[in-house]
1. Given a cut-off of under 8 Å on Cα pairs at least six residues apart, what relative contact order in percent is computed for region B:306-452?
2. Give the long-range amide H neighbours of residue A:190: residues separated by 5 or more places, or on another chain, with amide H under 5 Å away, using H modelled in the peptide plane at 1.01 Å from N.
3. May I ask for the net charge around residue A:173, where only other residues with Cβ less than 12 Å from the Cβ of residue A:173 are counted and Lys, Arg are +1 while Asp, Glu are -1?
4. Let me have the 222 nm mean residue ellipticity of chain B computed from DSSP H runs of 4+ only, each contributing -39500 (n - 2.57), with the sum over all residues rounded to the nearest 500.
5. Hey, what do the phi angles of region A:440-452 turn into as Karplus ³J(HN,Hα) couplings, whole Hz, using 6.51/-1.76/1.60 and θ = phi - 60°, x for Gly and Pro?
6. Normalised by the number of residues in chain A, what is the relative contact order in percent for Cα pairs under 8 Å and 6+ residues apart?
7. Which semi-axis lengths, in whole Å and largest first, follow from the square roots of five times the eigenvalues of the Cα gyration tensor of region A:241-390?
8. Over all distinct Cα pairs, what is the inverse of the mean 1/r for the protein assembly as shown, reported as the Kirkwood hydrodynamic radius in Å?
There are 2 protein chains.
Amino acid sequence: MPSYNEALDLLTTEAQLAPPTTETVPLCDALNRISKCEYRSPFSTPKHDTSAMDGYALNAAATRTASPSTPIVFHVAGTMAAGDAAMVISGEPDSDASVYPCVEIMTGACFPEAIEGDQRPFDACVKLEDVDVLVGRGERPSGNRYIQVVKPLDANQNRRLAGGDFSEGDIVVEAGTRIQPRHIMALAAVGVKEVEVVRRIKVGVFSTGNELSADARSRVQDINGPYVTACLRDWCIDVDFLGVLDDVAETMVSELESRLRGNKYDIIISTGGVSTGRFDLIPAALEDLFARVVFHKIAIRPGHPGLFAKLPMPDANGPETAFFGMPGNPVASAAFLRFLVLPYVQRLQGQSPESAFKATIRRYHNDLETNGAIKHDTNGFGSLLSTCPVDKDVFRPGVFHRHEASKLDVMLINDHGPGKIKPFLGSNCWIHIPQGKSDLYEGDIVDVFLNE
Amino acid sequence: MPSYNEALDLLTTEAQLAPPTTETVPLCDALNRISKCEYRSPFSTPKHDTSAMDGYALNAAATRTASPSTPIVFHVAGTMAAGDAAMVISGEPDSDASVYPCVEIMTGACFPEAIEGDQRPFDACVKLEDVDVLVGRGERPSGNRYIQVVKPLDANQNRRLAGGDFSEGDIVVEAGTRIQPRHIMALAAVGVKEVEVVRRIKVGVFSTGNELSADARSRVQDINGPYVTACLRDWCIDVDFLGVLDDVAETMVSELESRLRGNKYDIIISTGGVSTGRFDLIPAALEDLFARVVFHKIAIRPGHPGLFAKLPMPDANGPETAFFGMPGNPVASAAFLRFLVLPYVQRLQGQSPESAFKATIRRYHNDLETNGAIKHDTNGFGSLLSTCPVDKDVFRPGVFHRHEASKLDVMLINDHGPGKIKPFLGSNCWIHIPQGKSDLYEGDIVDVFLNE
């Protein structure tokens with residue numbers, strides 16, 4: 001019986017045997033897909049010096065003596081909107097009015113360039129709100145616009161320098177990244193219009209058990225089918241629920257065989273029927289299908305009867321299909337799905353392993369259940385909370401708190417069991433207690449995986 | 001100019017004016033939908049005493065003297081699979097063989113019931129692995145099966161008592177819950193087959209700006225359109241990206257008007273064009289459309305130029321459409337979307353406000369960026385990190401750490417700006433610094449909203 005870590009190693013090896021193909025999707029369809037390769041910025045951004053404000057681009061040094069009583073007047077020589085090619089004009093004073101030029105400029109627009117050799121570059125932007133606009137009169141030609149600046153500007157004020165955001169070659173998205181909105185923002189910013197992503201993993205899900213089938217003597221609602229399907233969908237996996245398999249060996253074999261022949265699924269999952277009971281027919285069905293069983297039974301709790309196999313395509317030299325035979329108890333099945341199937345999918349997709357939250361484990365108090373902001377006191381620290389089998393990795397539902405003092409607490413639910421759904425419903429995380437840890441004391445630091 | 005909290009109050013009031021209708025969906029399609037009402041368990045679960053193991057149901061007291069040298073033999077009187085109606089048999093010893101009966105029982109199957117008046121109820125299950133199975137020979141009728149128990153059992157061992165999980169009337173899902181897989185598990189367990197959920201919110205998204213349009217002199221890639229669309233999709237909102245609006249007042253008015261006439265959207269969002277620049281034409285367009293502006297400009301940073309309005313249906317007495325005019329700077333737009341549009345959607349859907357993580361704020365260190373498991377030292381605590389405008393709520397990108405000592409740290413990114421995308425890409429959360437807080441010191445506790 002492999003340990004949990006050994007099982008993860010086996011899953012890793014098997015995932016590497018069957019890397020999924022890739023496809024190219026438009027950027028707008030890349031959300032939550034897994035990038036196949038690394039994306040780097042092909043250029044520095046912004047490409048040009050741009051304005052951070054709506055206002056007027058001008059030469060900062062020319063405003064040095066500006067004050068409300070001695071305003072500096074600039075002639076508005078043009079307008080630049082975002083996306084306009086940089087205007088090239090002389091930065092020297094107009095010959096007619098002896099005032100310096102400025103350029104009306106919108107947020108994101110390029111700074112105008114002064115003619116080569118000019119001593120007065122456009123190097124700052126005065127905000128729209130900070131100037132008075134004048135129209136030409138007296139010695140200034142009418143029809144022209146002017147602004148008055150009443151406060152000195154610093155060089156580069158409200159100016160975003162070219163290359164001040166991404167540099168050419170900066171990594172924007174690493175290979176194996178689940179593409180989130182901020183990656184889409186960054187890819188758009190560096191001009192990426194389509195993304196090479198891992199093809200969507202396709203999973204077929206069966207429930208097993210006569211009691212679930214339509215003509216059962218005492219109809220029992222299928223719980224695992226809807227739960228497993230929902231989890232996989234939530235993980236952005238393409239999933240088909242394939243129905244309930246009766247506890248009849250021939251039916252199981254022929255149903256699985258027909259799904260294998262179609263070669264439609266990367267993974268087939270069943271729940272129930274993997275243990276040692278008289279109606280646990282999955283292992284025998286797999287034998288009939290010439291399965292290569294990678295492991296059957298594993299040193300975890302709950303979920304230990306589960307199995308992982310590779311099934312050959314019947315009567316053909318096609319690719320193998322991964323098969324997870326999960327236990328029938330709902331919480332055992334949930335743990336197996338979360339801690340064995342999901343890691344397999346992540347490895348198939350080239351993702352890095354997840355990192356856990358670290359939290360301080362506490363005794364479960366019902367009155368804390370609904371109150372996220374409790375005092376983190378250390379009363380009770382050191383008292384025994386639970387004893388775990390030392391030879392197994394244990395996964396327990398817990399209640400995780402965002403704590404007011406920036407500490408993380410997690411409460412261990414003691415009234416639990418692989419068939420008990422109410423405590424699992426009331427939980428919002430899994431607590432992972434690794435093999436080798438037996439006594440769990442209040443105040444111990446544990447690994448927590450959110451399930452909110 | 002309203003404060004952030006005042007704006008939230010205005011959004012709440014407006015959301016209550018237009019509650020979305022509901023629809024009923026099959027349980028398997030309820031993932032990530034928002035429940036309209038509360039669901040309670042209509043009965044207690046399990047409905048019957050059931051077995052927690054594959055094994056044999058028997059009377060625990062009859063095993064009192066069992067040991068390897070003095071095994072107790074039971075006659076296997078029948079088999080119960082999950083879903084079978086409870087078998088009623090006599091718990092008294094067989095007349096022929098003077099052995100007590102037992103019933104082969106599968107995990108989840110009902111316990112057999114003893115005939116009324118019998119002193120020997122079936123009240124425990126011995127695990128399959130813990131017995132020897134005998135076939136009839138000698139004084140025991142051949143063809144019958146027997147088991148030998150070698151260890152005493154406790155009453156209720158491996159027996160799940162009826163009502164031991166959900167009680168009748170227990171709340172399974174509260175109104176306004178985003179339905180997650182564990183809710184689906186619990187609803188299935190209590191027999192719920194369809195769920196009344198809030199109709200999916202429908203949002204139309206425009207970008208604005210001549211620089212983004214196909215015939216721009218110097219083509220600029222639209223960043224906000226893809227980002228906003230991706231975020232809304234990630235929040236399970238039904239979203240259409242409606243394209244880029246040129247900075248031409250008539251076009252804006254006619255485009256918006258045609259979308260309003262269709263009455264297809266609960267919310268229309270635009271990015272850009274809401275500030276005071278010459279091409280900021282959204283406010284004027286709204287005026288032409290007889291908009292009721294709820295707020296324009298708000299005391300937040302970034303994102304202050306944004307607006308929220310309700311637009312009447314043109315030339316008709318239809319319902320108003322909500323309109324968010326978001327700023328054009330990508331990070332300002334992202335903050336406005338996250339902290340104003342999302343709360344409006346949540347209120348429309350009847351969800352409770354989110355709760356933040358509390359984390360200790362730290363100075364940004366580049367070497368910590370990629371290392372989630374760092375020591376939480378207090379060097380530098382008390383040193384000034386940043387000064388925020390005291391009259392505004394400030395939202396800043398941050399880097400959040402799962403800390404090995406069950407403490408949460410968040411690093412403030414100092415090199416930031418509403419137009420800088422690289423720092424936002426490198427962040428995994430928002431830090432919210434409320435109005436009234438000016439100086440931010442290392443070691444302060446702040447509110448953090450994950451953005452992973």
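Any read-out appearing in this document is the output of simple, stated calculations on the displayed coordinates, not a laboratory observation. Remember, it's a predicted structure, so these values are computed and weren't measured experimentally. As a convention, Cβ positions derive from the backbone with ideal geometry for all residues, glycine included, and neighbour counts pool all protein chains shown.
1. 27 percent
2. Residues meeting the criterion, in which the H sits 1.01 Å from N, do not exist here.
3. +1
4. -4500 deg cm²/dmol
5. 10, 9, 4, x, 5, 8, 10, 7, 10, 10, 5, 9, 9
6. Normalised by residue count, the contact order of chain A is 15 percent.
7. Taking √(5λ) for each Cα gyration eigenvalue gives 39, 18, 14 Å.
8. 31.4 Å
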